[in-house]
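Everything below concerns the one structure shown next.
The values are calculated or read from the model by the stated rules, or taken from the named source; none is laboratory data. Computed from a predicted model, the values in this text were never measured in an experiment. For neighbour counting, all protein chains shown are included, and Cβ atoms are generated from backbone atoms with ideal geometry for every residue, glycine included.
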Amino acid sequence: MPEVDTRPEGTDSTDSDEPKVFHYVRKEKIAESAVMGTHVVALCGEVFPVTKSPKPGSPVCPACKEIYQGLKPGPGGE
């Protein structure tokens, strides 16, 4: 996957409406999903609308994390 720009986003809600894990998705799709309610596709393939933002230390989807760590750095070393 060339030059994927991602950040974690939540899904897999629990009874408390807090996500169980956060997934990596394309940054440019996050605002659109949050405002318009469109769905995003995580690196692991899960499809969901963005409803929550991660806080430091939030659990990350193991599949997304493995894929993200295997990606080549994008422009600017990110």
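Exactly one condition in (1) buried (at least 16 other Cβ atoms within 10 Å of the Cβ); (2) at pLDDT 90 or above; (3) part of a loop (DSSP other than H, G, I, E, B) is not met by Val40; state its number. Failed condition: (3). Of all residue pairs spaced 6 or more apart or on separate chains, those with beta-carbon atoms under 9 Å, a first member in the stretch 38-49 that is free of Cβ contacts under 8 Å to residues at least 24 places away in the same chain and farther than 20 Å from Gly70 by Cβ and a second member that is in a loop (DSSP other than H, G, I, E, B) and β-branched (Val, Ile, Thr) are Thr38/Val50; His39/Val50; Pro49/Thr38. Consider Ser33 carefully, then state whether it is in a helix (DSSP H, G or I), modelled with pLDDT of 85 or more and over 11 Å from the mean Cα position of the chain (by Cα). So Ser33 fits the description; yes.
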